[in-house]
Amino acid sequence: MPESEQESAPGGIDTTKPSVSRVYDYMLGGKDNYEIDRQVAAAVLKIAPDAPQAAQANREFLRRTVRHLAAEAGIRQFLDIGSGLPTQGNVHEIAQSVSPGAHVVYVDHDPIVLVHGRALLAVDETTTIVNADVRDPDAIIGDPKTRALIDFEEPVGLLMFGILHHLADDENPGSVLGRLVEPLASGSHVVISHFHNPGEALPEVSEQAYTAERLFNEHLGTGRWRTREQILAYFDGLELVEPGLVPLPEWRADSADHATPGITYHTFVGGVGRKP
Ligand SMILES: C[S@@+](CC[C@H](N)C(=O)[O-])C[C@H]1O[C@@H](n2cnc3c(N)ncnc32)[C@H](O)[C@@H]1O
């Protein structure tokens, strides 16, 4: 790592270890990443050259689903877990373009996200960023900043983009999600995007998913490519909104989409569930 990078990094940010949010930022063409993150990204790009398109497809899925929640489902408050570094088209910008004054609570545990988030995401009294770990859902729900912006008597948009696959099986992602959904009012919506291993249906893609999983865990200590059944189980107790759980570019694509099917097309899926 160039010495100047550590010197220029905001306090609390360790530039000797790669971070999920910074590698993802690099894939999206962002500038908030360091040499150590770019080395991991280079290794990922060797096995999945279209990883940047997958990251882009995830952001486009985010744009379409948040618009859907704000415009069609009448949601005016959003809880965005594992929100990541600010980028083009942040949740509050999308939600407020449809529903001015919509409230957004961003949640992340990475110091760099908190530093940049405080500057660019927590922009006025309608948005805030909470420093919390998704593995402690009660801390998120009970945080005074969450309580100040989210009225749990009204429907909430619970956004779980690219986060549940960063929980290992023994960290019980299903019950973590359940604890977050439990206090939500009827009519709330849950959006999930998740790394997917298609198994025997697509053997070559499945092999690539296993390779990516090994690589992520070696460098970042996290990353699970789950089966369709495992991901569908997250929607238990919710009504799955059409078109169901699909590759991200297939969820109500519109004319503003750029995604092109590539290697990662079937390894990143998403869906929306409505709490009855
Ligand atoms: C791949 S990024 C996704 C960013 C954004 N949600 C999106 O989909 O574009 C995953 C984010 O989850 C955060 N994250 C990972 N594990 C977490 C945890 N246990 N608690 C809170 N945030 C976590 C990372 O810091 C990172 O910012």
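The values are calculated or read from the model by the stated rules, or taken from the named source; none is laboratory data. Please read these numbers as outputs of a predicted model, since none were measured by experiment. Heads up, the Cβs are rebuilt from the backbone with ideal geometry, glycines too, and the neighbour counts pull from every protein chain shown. When the accessible area is computed, the model is the full protein with side chains, heavy atoms only, and any ligands, DNA or RNA have been set aside. Shrake-Rupley method; radii C 1.70, N 1.55, O 1.52, S 1.80 Å.
Structure values in brief
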{"quantity": "Selection count, the stretch 42-53, where residues are under 15 Å from G162 (Cβ atoms) and open to solvent by less than 50 Å² (accessible area, probe 1.4 Å)", "calculated": "4"}
{"quantity": "Contacts under 7 angstrom Cβ, first residue in the stretch 43-60 being of a type in the set (D, E, K, R), partner modelled with pLDDT under 90, 6 or more apart", "calculated": "D50/G262; D50/I263; D50/T264; E60/D257; E60/H258; E60/A259"}
{"quantity": "Within the stretch 194-236, tally of residues that are in a loop (DSSP other than H, G, I, E, B), open to solvent by less than 40 Å² (accessible area, probe 1.4 Å) and of a type outside the set (F, W, Y)", "calculated": "4"}
{"quantity": "Matching residues, the stretch 1-52, being acidic (D, E) and modelled with pLDDT of 95 or more", "calculated": "D25, E35, D37"}
{"quantity": "Given (1) open to solvent by 50 Å² or more (accessible area, probe 1.4 Å); (2) in contact (Cβ under 8 Å) with a residue 24 or more places away in the chain; (3) on the phi > 0 side of the Ramachandran plot; (4) within 17 Å of the chain's Cα centre (by Cα), index of the condition R63 fails", "calculated": "(3)"}
{"quantity": "Any hit, the stretch 96-104, residues being assigned to a strand (DSSP E or B) and open to solvent by 20 Å² or more (accessible area, probe 1.4 Å)", "calculated": "yes"}
{"quantity": "The listed residue being touching a Ser or Thr at 6+ places or on another chain (Cβ under 6 Å), touching a residue at least 40 places away in the same chain (Cβ under 8 Å) and not aliphatic (A, V, I, L, M), out of G84, G74", "calculated": "G84"}
{"quantity": "Residue, surrounded by the fewest Cβ atoms within 10 Å (Cβ to Cβ), within the stretch 105-127, restricted to residues that are β-branched (V, I, T) and in a helix (DSSP H, G or I)", "calculated": "V115"}
{"quantity": "Tally, over the stretch 69-117, of residues that are more than 16 Å from the ligand (Cβ to nearest atom), over 26 Å from R135 (Cα atoms) and not aliphatic (A, V, I, L, M)", "calculated": "7"}
{"quantity": "Top-ranked residue of the stretch 163-173 - restricted to ones that are out of contact with any helix residue (DSSP H, G or I) (no Cβ under 6 Å at 6 or more places or on another chain) and assigned to a loop (DSSP other than H, G, I, E, B), ranked as least open to solvent (accessible area, probe 1.4 Å)", "calculated": "I163"}
{"quantity": "Tabulated pairs, the stretch 204-230, first closer than 20 Å to G244 by Cβ, second assigned to a helix (DSSP H, G or I) and open to solvent by 60 Å² or more (accessible area, probe 1.4 Å), C-beta under 7 angstrom, 6+ apart or interchain", "calculated": "V205/H266"}
{"quantity": "Single residue of V176, V191 found to be at pLDDT 95 or above, under 17 Å from the mean Cα position of the chain (by Cα), surrounded by 15 or more Cβ atoms within 10 Å (Cβ to Cβ) and part of a helix (DSSP H, G or I)", "calculated": "V176"}
{"quantity": "Candidates V134, V130, filtered to the one that is surrounded by 22 or more Cβ atoms within 10 Å (Cβ to Cβ) and part of a loop (DSSP other than H, G, I, E, B)", "calculated": "V134"}
{"quantity": "Residue list for the stretch 13-51, filter: more than 13 Å from the ligand (Cβ to nearest atom) and either in a helix (DSSP H, G or I) or in contact with a strand residue (DSSP E or B) (Cβ under 8 Å, 6 or more places away or on another chain) (or both)", "calculated": "E35, I36, R38, Q39, A42, A43, L45, K46, I47"}
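Yes/no matrix, rows are residues, columns are (1) under 18 Å from the mean Cα position of the chain (by Cα); (2) not aromatic (F, W, Y):
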site: Y106; (1), (2): yes, no
site: G117; (1), (2): yes, yes
site: T128; (1), (2): yes, yes
site: V134; (1), (2): yes, yes
site: L159; (1), (2): yes, yes
site: L164; (1), (2): yes, yes
site: D170; (1), (2): no, yes
